[in-house]
1. Would you confirm, using the coordinates I've provided, whether Ile130 is assigned to a helix (DSSP H, G or I), under 28 Å from the mean Cα position of the chain (by Cα), under 30 Å from Asp36 (Cβ atoms) and modelled with pLDDT under 80?
2. Need the failing condition index for Ser195 against (1) without any contact (Cβ under 8 Å) to a residue 24 or more places away in the chain; (2) under 20 Å from Phe235 (Cα atoms), just the number.
3. Tell me which of these Ala300 doesn't satisfy, since it passes every other one: (1) of a type in the set (A, V, I, L, M); (2) surrounded by fewer than 17 Cβ atoms within 10 Å (Cβ to Cβ); (3) more than 27 Å from the chain's Cα centre (by Cα); (4) not in a loop (DSSP other than H, G, I, E, B).
4. Out of the residues in region 274-296 meeting the condition of being part of a strand (DSSP E or B) and modelled with pLDDT under 90, tell me which one is farthest from the chain's Cα centre (by Cα).
5. Within region 14-31, identify whether any single residue is assigned by TED's automatic domain parsing to the domain that holds Val69, without any contact (Cβ under 8 Å) to a residue 24 or more places away in the chain and of a type in the set (A, V, I, L, M), and answer yes or no.
Amino acid sequence: MKFIEELVVEEFLPTIRSMLAEALRDRELTQREVADVLGISQSAVSKYAHGEVARNERIAADRRVADLVEGVADGLATGDMSRVQALVEIEVLIRQLEDGDLLAELHEDAMPGLVEADVDFSVHDPDSRIRTTEQVRSSVRRGLRTLTNMGGFAALIPNVGSNLVECLPDAATVDDVAGVPGRIFDIKGRATVPSDPEFGVSEHVASVLLAARTHAVDVQAGLNIAYDPDLVAAFEDAGYTTVEFDSEAREELDATIGAAVAEADLSETFVCYQTGGFGIEPISYVLGPDAPTVAAAVRAVA
């Protein structure tokens, strides 16, 4: 008797770990770095690198496996993907391959009696919430890298700090929005991100994003920057819609954002801004489909 889980442990995991170790080494990570990223020993990395661990060639030759290895290696090497997300993505593929697919076929080869049996190996949801949350956090990381590598972004950070946020597809509250804990600040002319993106840490930018979504605006990400009329004009010249909302009605944010976007012919990425008031700093909010797109729009215009 052989369980499909045994095939995963004995055939799939050694194969994908070997492929990942090779892909990470190709991206110039040291043997120690590869070991740390994969959570294995340096001696194991050495065995993988020298071909001392046998691969299942049917698994290695599968295009989905190869594509996953390349995507995970890119994400781990750049830091865009956490180890949790990498694990989830691999888990999802495992469950896909178990459901009447490659691993199920290998299992039938090992257990011929299964061919005539009506067996369902679908045990995992590829649309799990943890997978989605990790994808959103990864998207925010990519956007942050664009901003921190952008010359001059620090000058666009308002006194209250900036935040780049992105929400889950079904977001309803600020807890469904990922952002930078403590916000992004200008430290001696350099945009500084204090820690990794988390959910529920951005009250204001998240509220603006959610308010726009309440009015059927199809956006999932936002960034606040300092208001500058010349910058607003530059966004307009670049083809982005800009709309002003009432800065004095902070207690009625949903209504004021709604009034601003109701009649506007919004571009995919657009700018909402308020020009300030007594005790209120003028701020612009760039809203768009995802964090990298929002960050790229700011980089292109600023």
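1. Details: assigned to a helix (DSSP H, G or I): yes; under 28 Å from the mean Cα position of the chain (by Cα): yes; under 30 Å from Asp36 (Cβ atoms): yes; modelled with pLDDT under 80: yes.
In short, yes.
2. Every condition holds for Ser195 apart from (2).
3. Here Ala300 meets the rest and fails (3).
4. In the first step, residues of region 274-296 are kept if they are part of a strand (DSSP E or B); the result is 274, 277, 280, 283-288.
If we keep only those that are modelled with pLDDT under 90 too, we end up with 277, 280.
Details: Gly277: 35, Ile280: 32 Å.
Filtering first and then ranking leaves Gly277.
5. no
The values are calculated or read from the model by the stated rules, or taken from the named source; none is laboratory data. On a predicted model such as this, the values are computed, not experimentally measured, just so you know. Note that each Cβ is placed from the backbone with ideal geometry, even for glycine, and that neighbours are counted across all protein chains shown.
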